[in-house]
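The values are calculated or read from the model by the stated rules, or taken from the named source; none is laboratory data. Because the structure is predicted, anything quoted here is derived from the model rather than measured. We place every Cβ from the backbone using ideal geometry, glycine too, and count neighbours over all the protein chains shown.
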Amino acid sequence: MYKYLLLPVLALSLVQCKDAPKESEAPAAAAGAPAGNAVVSGATSGQSETPSASRIRGLMMQNGDKLGFMDFANQKLYLLKDMTGGSVVANYKKAIQPCVYPNETAFAVFSGQFNGTGEMRLPIFEVAKVDSLLPKSPDLMNSVSVPFEFWCFGTEPFGWDIEISNPEGGIFLQNSQNNTASFCPWVPPVKKGNTYIYDVPGSPNSPALTIRITKQSVKVGGKSYEYACELVMDKITFKGGATRGPGKLNPGDPAASE
């Protein structure tokens, strides 16, 4: 059970709206990714390997001068201390462009060492080297064991994507037409036949959404998906495809997979 969420534990808003290449790929945008996403991978000039050779992989975020990190594979939370002279924050800011949320998360691989504890008795990881700092994508999320439920993509009349992730506490929508984004608290879906329906109420900071995801093959932007997605926003219907993640669709589900 994923009882550790960055949102309540670190009191940071978890929001994200990116798609990116796999960690080993070149900086070209991945299929289905919104245009303009920055990709930062590899060490920054001047960094050196730490003698302890410890390495962590997961999601990082910034809240003011505090840096938080979540390793979903072992359900551990850390505080980060940047020992690189500013490379962690600089690369993080590049990775979350162009659609920037407060406290946005990014996929990160850091080399360094653990040294003491900080606020809320969380371990402190001193980052000596930035191995990778990238926008999130379904492939990267799977690589660090984040059990999101769905990631939806559309290209008409403009690029958009939605991440649905109960462990991260929300539903995250990006509109690449004007580089805006919305965050909504997670809601469980209602299943009707082979369709999952998320009815997301609106708020002052986000529109009301209805997301219908159906087990039906579809091709979007030249890429094939096993699920078709229909998004209703501001009384306008958008159609796209969806990737199924490993997350449970309802808290009572016996298994994440179907």
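Looking at the stretch 225-236, which of the residues that are more than 21 Å from the chain's Cα centre (by Cα) and assigned to a strand (DSSP E or B) is surrounded by the fewest Cβ atoms within 10 Å (Cβ to Cβ)?
For the stretch 225-236, the residue satisfying everything is 236.
Among the residues of the stretch 81-101, how many are basic (Lys, Arg) and closer than 24 Å to residue 174 by Cβ?
Counting residues in the stretch 81-101 that are basic (Lys, Arg) and closer than 24 Å to residue 174 by Cβ gives 2.
Do you know which residues across the stretch 73-89 are in a loop (DSSP other than H, G, I, E, B) and out of contact with any Asp or Glu (no Cβ under 8 Å at 6 or more places or on another chain)?
Listed by number, the residues that qualify are 73, 74, 75, 84, 85, 86.
Find all pairs meeting these conditions: Cβ atoms under 6 angstrom apart; at least six residues apart or on different chains; first residue within the stretch 190-208 and of a type outside the set (A, V, I, L, M, F, W, C); second residue at pLDDT below 90 and surrounded by fewer than 11 Cβ atoms within 10 Å (Cβ to Cβ).
207/234
Exactly one of (1) under 30 Å from residue 73 (Cα atoms); (2) buried (at least 20 other Cβ atoms within 10 Å of the Cβ) is unmet by residue 159. Its number?
(1)
Report, by residue number, each residue of the stretch 112-125 that is surrounded by fewer than 20 Cβ atoms within 10 Å (Cβ to Cβ) and closer than 16 Å to residue 67 by Cβ.
Once the filter is applied, which keeps residues that are surrounded by fewer than 20 Cβ atoms within 10 Å (Cβ to Cβ) and closer than 16 Å to residue 67 by Cβ, the stretch 112-125 yields 113, 114, 115, 116, 117, 118, 119, 120, 122, 123, 124.
Mind checking which residues of the stretch 206-224 are assigned to a strand (DSSP E or B) and either on the phi > 0 side of the Ramachandran plot or among the basic types (Lys, Arg) (or both)?
Within the stretch 206-224, 212, 215, 219, 223 meet the criteria.
Taking the options 179, 205, 166, name whichever one is outside the structural domain of residue 106 (by TED's automatic domain parsing) and farther than 15 Å from residue 104 by Cβ.
Result: 166 is the single residue among 179, 205, 166 that is outside the structural domain of residue 106 (by TED's automatic domain parsing) and farther than 15 Å from residue 104 by Cβ.
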